[in-house]
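Accompanying notes for the structure given below.
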Amino acid sequence: MTDVRPVHPNPLPARGERGPSGGLRPPHPNPLPARGEREPRVSETGDGRPLLDVRHLRIEFPTRRGVLTAVDDVTFAIAPGEVLGVVGESGAGKSLTGAAIIGLLEPPGRIAGGEILLDGARIDHLPHDEMRRIRGRRIGAIFQDPLASLDPLYSIGSQLIETIRTHLPMSEAAARTRAVELLQEVGIPAAARRIDHYPHQFSGGMRQRVVIALALAANPRLIIADEPTTALDVSIQAQIITLLRRLCREYGTAVMLITHDMGVIAETADRVAVMYAGRIVEIGPVADVIRAPKHPYTIGLMGSIPSVTADRERLVQIDGSMPRLTAIPSGCPFHPRCNRVFDRCLNERPELFDAGTSRAACWLHAPLP
Amino acid sequence: MTAYAIRRLLQAIVVMLVVAFVAFSLFQYVGDPVQLMLGQFATPVDRIRLTHELGLDRPFYVQYYHFLVNAVHGQFGVSLRIGKPVSVLLAERLPATLELSLCAAIFALVVGIPAGVYTGLKPNSWLARTMLSLSLLGVSLPTFLIGILLILVFAVKLNWLPAFGRGTVVHLGGWTTGLLTKSGLVSLIMPTITLGLFQLTLIMRLVRSEMLEVLRTDYIKFARARGLTDRAINFGHALKNTLVPVITITGLQLGSIIAFSIITEQVFQWPGMGLLFIQAVSYVDIPVMAAYLCLIAVVFVTINLIVDLLYYVVDPRLRVDRPGGAGH
Ligand SMILES: Nc1ncnc2c1ncn2[C@@H]1O[C@H](COP(=O)(O)OP(=O)(O)OP(=O)(O)O)[C@@H](O)[C@H]1O
Ligand code: SF4
Ligand SMILES: [Mg+2]
């Protein structure tokens with residue numbers, strides 16, 4: 001696991017990705033540093049204060065048959081410029097956590113507990129308009145199906161200009177100049193001409209680049225990318241991830257990268273959080289979590305890593321399936337599937353304990369009394 | 001754009017030809033004009049002569065051709081009931097129907113669209129719920145009943161509004177208008193509401209359901225994530241995306257307003273084409289019926305054409321890519 005593989009297997013842009021001029025995009029200038037060389041980002045920040053601080057977040061859905069807790073006691077932080085990967089099976093609560101941070105939880109879902117701090121200030125439960133000003137300006141977002149993220153009735157230029165002018169005091173002309181620059185930066189060929197085209201005139205990969213340009217339009221400090229490549233062709237996925245990572249590095253933008261793809265996490269993230277049944281079960285530096293996972297669930301996930309990174313498959317399932325929200329087991333929610341389960345696991349819920357450089361929510365790592 | 005418009009225009013012409021053929025067939029299959037004109041005691045020689053004079057012995061496509069040529073010039077013959085040329089009769093009645101229909105359409109749009117937007121944006125507010133329940137009433141009550149109820153309350157009981165007629169009209173060239181006098185405007189109120197109410201509720205429900213649908217799309221979610229203002233999201237993005245289906249239905253509805261006006265004109269004794277048509281039907285006045293049919297068809301086809309061109313304006317996906325505009 002220590003060798004560095006090429007950033008993407010296919011150095012030539014895929015056919016749909018090539019501009020009409022026929023010219024190739026230059027290979028991206030910023031090759032991936034070997035994993036071991038990456039400095040811990042947290043220590044880079046002057047005062048060490050995290051950019052985003054999520055504490056004991058709890059998301060509930062009131063239903064007729066009682067309140068469902070979809071996200072429970074989730075605590076993590078993201079430092080300025082840091083990439084935090086978030087992985088977990090479908091339904092683990094990854095998207096809900098992201099939606100809660102940007103204040104776009106859809107009713108009846110609601111933040112029932114905990115707090116979310118951006119630059120040290122609470123942003124959960126902000127008045128509607130104050131939260132709106134944060135979205136796009138300080139926290140950008142890229143969603144699960146980026147192909148459908150663009151309004152089909154407006155040219156990409158007008159959507160960019162609209163976003164820029166919503167957040168920055170710019171003239172129409174200045175915003176347009178910035179929009180062209182953004183399109184160039186995300187690798188749209190002939191940006192000055194393409195800016196007046198409509199979404200349907202772009203290929204999937206190109207639209208994805210436009211979405212990234214839109215998310216970066218007001219230069220936010222944090223981007224929440226919820227499975228930004230799931231809907232795309234495999235050959236384009238790598239390019240898009242590379243682009244996202246390069247831009248965020250240049251801009252110093254932190255990323256919360258939600259994905260099923262451990263290969264992407266391994267290549268891209270500084271730290272990784274593993275979610276299970278609405279909780280974080282393990283969080284730590286990506287190299288350590290991959291090389292020496294601590295939580296039995298993560299160990300199960302990582303057992304499949306070499307093949308996953310080779311052919312970029314989804315997470316391999318561990319025996320059994322994640323519990324439904326209506327029937328989350330008592331004690332450690334993973335215990336019905338855990339091969340190390342012991343009596344304490346059945347009734348007492350483990351919190352995150354220090355486990356080497358990582359933290360794991362497992363009684364095996366409880367400090368000795 | 002031109003190719004698109006021409007294609008649509010050709011389609012419109014085909015539709016008109018078909019409708020004209022139906023109108024033409026009325027003459028063929030309903031009653032015998034020779035019999036009608038000559039009366040019972042005509043000799044076979046008279047019959048043959050008149051048949052020849054009317055061109056009825058010629059092949060039917062030649063007759064159809066002549067019918068078309070006449071129709072294009074507005075000639076549908078003479079009303080069997082009134083004895084005046086149909087074109088003159090229609091010209092007298094057209095302004096009344098058009099003014100009423102236009103007012104009803106504007107009423108339906110101006111109230112229906114905002115009401116639909118509101119009920120779509122705030123589906124759970126009490127006002128939205130009230131409007132929805134009321135709209136159900138509007139859909140289920142027959143038009144004539146609404147008209148009669150209005151007359152009962154505002155004309156008979158309160159005596160605020162006239163119960164029938166167009167009030168005082170002003171002649172402007174060949175056009176008579178009720179829009180320039182107070183009594184004309186006041187007379188328009190109840191017929192307008194009666195005629196427009198059904199379309200209003202329809203438009204409101206349509207806009208509402210389209211809004212609810214569009215508000216769930218990813219691009220609206222992403223627009224929120226971009227931090228756009230509610231105003232920009234609701235009106236610039238959501239409402240605009242509901243427009244294509246709304247334009248379709250609304251266009252068709254406006255056409256049917258003119259058709260529906262038959263009933264309203266009957267209730268309010270409105271001197272329009274609908275009233276003329278009802279009277280023509282009971283008298284089997286074929287020339288008037290044929291002309292009315294063609295006129296309604298022209299209205300529908302024109303509205304459809306406008307709708308298609310509006311699509312083109314609203315939805316860039318229908319526009320052909322400019323040459324060299326890069327692939328998909
Ligand atoms: N409106 C809702 N009512 C009830 N439960 C909901 C609702 N929306 C989401 N959930 C539940 O919340 C849980 C977490 O959903 P979430 O979308 O965050 O999962 P995820 O980790 O992003 O999964 P995926 O990988 O499939 O995107 C799921 O179990 C889901 O069933
Ligand atoms: S707490 Fe117990 S059941 Fe849960 S993961 Fe650890 S060992 Fe397994
Ligand atoms: Mg998700």
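The values are calculated or read from the model by the stated rules, or taken from the named source; none is laboratory data. Source: prediction; values computed, not measured. When we count neighbours, we look across all protein chains shown, and the Cβ atoms used for this are built from the backbone with ideal geometry, even at glycine. Side chains are part of the model used for accessible areas, which takes the heavy atoms of the whole protein and leaves out ligands, DNA and RNA. Shrake-Rupley method; radii C 1.70, N 1.55, O 1.52, S 1.80 Å.
Check each of the trypsin sites (Lys or Arg not before Pro) in the stretch A:67-154 and keep only those in coil by DSSP with at most 16 other C-beta atoms within 10 angstrom; list them in order.
Passing sites in the stretch A:67-154 do not exist.
Report the local net charge at A:Glu130: Lys and Arg +1, Asp and Glu -1, summed over other residues whose C-beta lies under 15 Å from its C-beta. Please list the in-between numbers first.
On the way: positive: A:Arg122, A:Arg132, A:Arg133, A:Arg135, A:Arg137, A:Arg138, B:Arg224; negative: A:Asp119, A:Asp124, A:Asp129, B:Asp230.
Every neighbour counted, the sum reads +3.
Using a 1.4 Å probe, what is the accessible area per residue for the stretch B:112-226, in Å²?
51
Putting +1 on Lys and Arg Cβ atoms and -1 on Asp and Glu Cβ atoms, find which of A:Leu117, A:Thr166, A:Val289 reaches farthest to the positive end of the dipole of the stretch A:52-365.
A:Thr166
Of the trypsin sites (Lys or Arg not before Pro) in the stretch B:188-272, which ones lie in a loop per DSSP and count no more than 14 other C-beta atoms within 10 Å? All intermediate terms of the calculation are to be shown ahead of the outcome.
Numbers: sites: B:Arg205, B:Arg208, B:Arg216, B:Lys221, B:Arg224, B:Arg226, B:Arg231, B:Lys240; in loops: B:Arg216, B:Arg226.
In loop regions of the stretch B:188-272 (DSSP not H, G, I, E or B), the sparsely surrounded trypsin sites (Lys or Arg not before Pro) are B:Arg216.
What total accessible area, in Å², is buried where chains B and A meet, using a 1.4 Å probe and rounding to the nearest 100?
2800
In the stretch A:52-365, with Lys and Arg counted as +1 and Asp and Glu as -1 at Cβ, which of these residues, A:Val341, A:Gly263, A:Val86, has the Cα nearest the positive end of the dipole, that is, farthest along it?
The listed residue farthest towards the positive side: A:Val86.
What's the average, rounded to a whole number, of partner chain beta-carbon atoms within 10 Å of each residue's beta-carbon in A:149-159?
That average works out to 5.
Quick one: putting +1 on the C-beta of Lys and Arg, -1 on the C-beta of Asp and Glu, what dipole do you get for the stretch A:52-365 around its Cα centre, in Debye to the nearest 20? Please list the in-between numbers first.
Working: 35 positive and 35 negative charges, 46 e Å.
Dipole of the stretch A:52-365, to the nearest 20 debye: 220 debye.
Using Cα atoms only, what is the angle between the long axis of helix B:182-215 and the major principal axis of chain B, expressed in degrees (0 to 90) to the nearest 10?
Once rounded, the angle reads 50 degrees.
When the accessible area of the stretch B:107-233 is computed with all protein chains present and a 1.4 Å probe, what percentage of it is carbon and sulfur?
70
Quote the charge dipole size of the stretch B:87-317 about the Cα centre in Debye, to the nearest 20; the model charges only the Cβ of Lys and Arg (+1) and of Asp and Glu (-1).
860
Could you please report the charge total around A:Met256, scoring K, R as +1 and D, E as -1 over all other residues with beta-carbon less than 11 angstrom from its beta-carbon?
Computed value for this residue: 0.
Can you give me the distance in nm between label points at B:Asp230 and B:Leu137, each placed 7 Å from the Cα along the Cα-to-Cβ direction?
Roughly 2.8 nm, to one decimal.
At a 1.4 Å probe radius, carbon and sulfur cover how many percent of the accessible area of the stretch A:53-184? Walk me through the numbers before you get to the answer.
Details: 2740 of 5230 Å².
Taking all protein chains in place, the stretch A:53-184 shows 52 percent carbon and sulfur surface.
Could you tell me the calculated FRET efficiency between B:Ser209 and B:Ile82, based on Cβ-Cβ distance and R0 = 51 angstrom, to the nearest 0.05? Each step should come with its number before you reach the end.
Numbers: r = 46 Å, r/R0 = 0.91.
That gives a FRET efficiency of 0.65.
Using unit Cβ charges (K, R positive; D, E negative) and no other charged atoms, how large, in debye to the nearest 20, is the dipole of the protein assembly as shown about its Cα centre?
That gives the protein assembly as shown a dipole magnitude of about 580 debye.
Test of understanding: what is the full-extension gain from B:Thr177 to B:Ile13, defined as 0.36 nm times their sequence separation minus their Cα-Cα distance?
Taking 0.36 nm per residue and subtracting the Cα distance, the gain is 56.0 nm.
With contacts defined as alpha carbon pairs under 8 Å and 6 or more residues apart, what's the relative contact order of the stretch A:52-365 in percent?
With pairs under 8 Å counted, the relative contact order is 21 percent.
Towards the positive end of the charge dipole of the protein assembly as shown, with charges on Cβ (+1 Lys, Arg; -1 Asp, Glu), say which of B:Leu9, B:Gln279, A:Gly140 has the farthest Cα.
The listed residue farthest towards the positive side: B:Gln279.
Stretched out fully, how many nm does the piece from B:Tyr4 to B:Tyr283 gain, at 0.36 nm a residue minus the Cα gap?
Gain in length upon complete extension: 96.1 nm.
What's the angle, to the nearest 10 degrees (0 to 90), between helix B:240-268's Cα axis and the longest principal axis of chain B?
Helix B:240-268 and the main axis of chain B meet at about 40 degrees.
If I fit a long axis through the Cα atoms of helix B:60-72 and take the longest principal axis of the Cα atoms of chain B, what angle between them do I get, 0 to 90°, rounded to 10?
Tilt relative to chain B: about 60 degrees.
Counting other Cβ atoms within 10 Å, which chymotrypsin sites (Phe, Trp or Tyr not before Pro) in the stretch B:159-260 have at most 11 and lie in a DSSP loop?
Details: sites: B:Trp160, B:Phe164, B:Trp175, B:Phe198, B:Tyr219, B:Phe222, B:Phe235, B:Phe260; in loops: B:Trp160, B:Phe164.
Of the chymotrypsin sites (Phe, Trp or Tyr not before Pro), the ones in loops of the stretch B:159-260 whose Cβ has at most 11 other Cβ atoms within 10 Å are B:Trp160.
For B:Gln40 and B:Thr302, FRET efficiency with R0 = 35 Å and r from the beta-carbon atoms, rounded to 0.05?
0.20
Residues of the stretch B:217-233 losing 30 Å² or more of accessible area relative to the isolated chain, 1.4 Å probe, heavy atoms only?
Buried by the other chains: B:Asp218, B:Tyr219, B:Lys221, B:Phe222, B:Arg224, B:Ala225, B:Arg226, B:Gly227, B:Leu228, B:Thr229, B:Asp230.
Please give every one of the lysines within straight-line cross-link reach of B:Lys221, meaning a C-alpha to C-alpha distance under 25 Å, and leave out same-chain neighbours fewer than 8 residues apart.
The reachable lysines, counting only those whose Cα sits under 25 Å from B:Lys221, are A:Lys94, B:Lys122, B:Lys240.
What FRET efficiency would be calculated for the residue pair B:Ser25, A:Asp145, taking the C-beta separation as r and a Förster radius of 41 Å, to the nearest 0.05?
Calculated transfer efficiency: 0.15.
Report, as an integer, the average count of C-beta atoms from other chains found within 10 Å of each Cβ along A:104-110. Present the calculation step by step, with values, prior to reporting the outcome.
Values: counts 4, 0, 2, 1, 0, 0, 0.
Mean number of neighbouring Cβ atoms from other chains: 1.
How much length, in nm to one decimal, is gained on full extension between B:Leu152 and B:Arg317, taken as 0.36 nm per residue of separation minus their Cα-Cα distance?
Values: separation 165, 0.36 × 165 = 59.40 nm, distance 5.06 nm.
Residue separation times 0.36 nm, minus the Cα-Cα distance, leaves 54.3 nm.
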